[in-house]
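First up is the structure itself, then whatever we jot down about it.
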Amino acid sequence: MSTASTLVQLAASLTSGAVRVIDLTQTLSEDTPLLVLPEPFGQTAAFSRQEISRYDERGVAWHWNNFTVGEHTGTHFDAPVHWVTGKDLPANTVDALPVQPLIAPAVVLDFSAECAADADFLLTAGHIVEWEAQHGAIPAGSWVLFRTDWSKRDVEAYTNRAPDGPHTPGPDASAILLLIDRDVIGFGVETIGTDAGQAHGLTPPYPAHTLLHGAGKYGLQCLENLDALPTTGAIVIAAPLKIRDGSGSPLRVLALVEG
Ligand code: MN
């Protein structure tokens with residue numbers, strides 16, 4: 001009896017459609033919404049492009065562009081060096097981090113109903129413990145994807161800015177400490193930041209960035225199609241650009257799902 005190798009089986013499953021590939025990436029464009037920090041802080045650059053040629057005198061048979069973009073613009077990856085708490089960790093930049101975990105299982109925590117009712121919804125350790133009672137313990141090495149359905153909103157409702165800052169959901173410190181205890185690879189969200197819009201007022205401020213990156217964990221932001229994923233059982237491929245000493249990068253995030 002011969003048994004096909006794991007990769008031969010995977011290749012056959014991809015060809016047959018038994019394993020499907022779901023795109024979790026927002027389209028990157030000049031319209032991509034940005035995180036806006038209050039004065040006097042520096043700002044991430046919007047995506048912009050400069051045409052080099054388009055089948056014209058600048059290049060008769062070829063079309064290409066240069067582009068400018070912030071490391072933290074659009075669907076993007078946060079490396080530990082992004083936050084001061086992770087600045088002295090080993091392998092804390094996108095070029096240095098180990099590649100093996102960049103293909104990892106994912107669990108989806110669906111709190112879209114709660115977030116529809118409360119834009120400032122905070123995910124707590126209690127919510128996660130309840131989720132685990134239903135779906136099983138979050139496995140070490142997993143991405144934890146926080147489904148809010150925020151990516152389905154129009155730009156104004158997506159950024160949800162107000163005079164006191166943005167109002168978008170996120171985790172509190174207890175949730176992040178529990179995820180670190182579970183030894184997840186990172187935390188992925190649909191919103192612009194892994195932290196809630198009002199996270200400057202939490203303890204510590206920006207608990208996702210402060211605690212996750214201090215523990216060597218990663219972040220994914222501006223994801224979409226989380227509603228197309230199973231609660232457990234998906235595999236996420238999230239490999240940032242290999243920018244020397246980079247703190248993060250835009251990337252294509254793909255998920256493999258069965259059935
Ligand atoms: Mn970021």
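No value in this document is a laboratory result; all are computed from the given coordinates. These figures come from a predicted structure and were not determined experimentally. Backbone-built Cβ (ideal geometry, glycine too); neighbour counts: all protein chains shown.
When the stretch 193-237 is filtered for residues that are within 14 Å of the ligand (Cβ to nearest atom), under 17 Å from V81 (Cβ atoms) and of a type in the set (A, V, I, L, M), the ones remaining, listed by number, are A208, L212, L220.
Quick check: anything in the stretch 222-235 in contact with a Phe, Trp or Tyr (Cβ under 7 Å, 6 or more places away or on another chain) and surrounded by 20 or more Cβ atoms within 10 Å (Cβ to Cβ)? Among the residues of the stretch 222-235, not one is in contact with a Phe, Trp or Tyr (Cβ under 7 Å, 6 or more places away or on another chain) and surrounded by 20 or more Cβ atoms within 10 Å (Cβ to Cβ), which makes the answer no. The residues in the stretch 150-173 that are touching a strand residue (DSSP E or B) at 6+ places or on another chain (Cβ under 9 Å) and surrounded by fewer than 21 Cβ atoms within 10 Å (Cβ to Cβ) can be counted, and the count is 5.
Okay, residues lined up against (1) among the β-branched types (V, I, T); (2) within 16 Å of the ligand (Cβ to nearest atom); (3) touching a residue at least 12 places away in the same chain (Cβ under 8 Å); (4) closer than 21 Å to L223 by Cα:
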{"position": "P80", "(1), (2), (3), (4)": "no, yes, yes, yes"}
{"position": "T85", "(1), (2), (3), (4)": "yes, yes, yes, no"}
{"position": "A106", "(1), (2), (3), (4)": "no, no, yes, yes"}
{"position": "L109", "(1), (2), (3), (4)": "no, no, yes, yes"}
{"position": "A113", "(1), (2), (3), (4)": "no, no, no, yes"}
{"position": "F121", "(1), (2), (3), (4)": "no, no, yes, yes"}
{"position": "I128", "(1), (2), (3), (4)": "yes, no, yes, yes"}
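Based on this model, can you work out whether R20 counts as without any contact (Cβ under 8 Å) to a residue 60 or more places away in the chain and part of a strand (DSSP E or B)? Considered against the rule, which asks whether it is without any contact (Cβ under 8 Å) to a residue 60 or more places away in the chain and part of a strand (DSSP E or B), R20 comes out as no. Restricting attention to the stretch 129-183, the residues that are of a type in the set (V, I, T) and farther than 20 Å from N225 by Cβ add up to 4. Please determine whether any residue of the stretch 60-76 is under 22 Å from L241 (Cα atoms), touching a Pro at 6+ places or on another chain (Cβ under 9 Å) and not in a loop (DSSP other than H, G, I, E, B). Scanning the stretch 60-76 turns up at least one residue that is under 22 Å from L241 (Cα atoms), touching a Pro at 6+ places or on another chain (Cβ under 9 Å) and not in a loop (DSSP other than H, G, I, E, B). Quick check on the stretch 17-47: of everything there that is within 15 Å of the ligand (Cβ to nearest atom) and of a type in the set (V, I, T), which residue is surrounded by the fewest Cβ atoms within 10 Å (Cβ to Cβ)? Top of the filtered list is V36. Looking at the stretch 63-85, which of the residues that are over 25 Å from W150 (Cβ atoms) and in contact with a His (Cβ under 8 Å, 6 or more places away or on another chain) is surrounded by the most Cβ atoms within 10 Å (Cβ to Cβ)? Taking the candidates together, the pick is V81.
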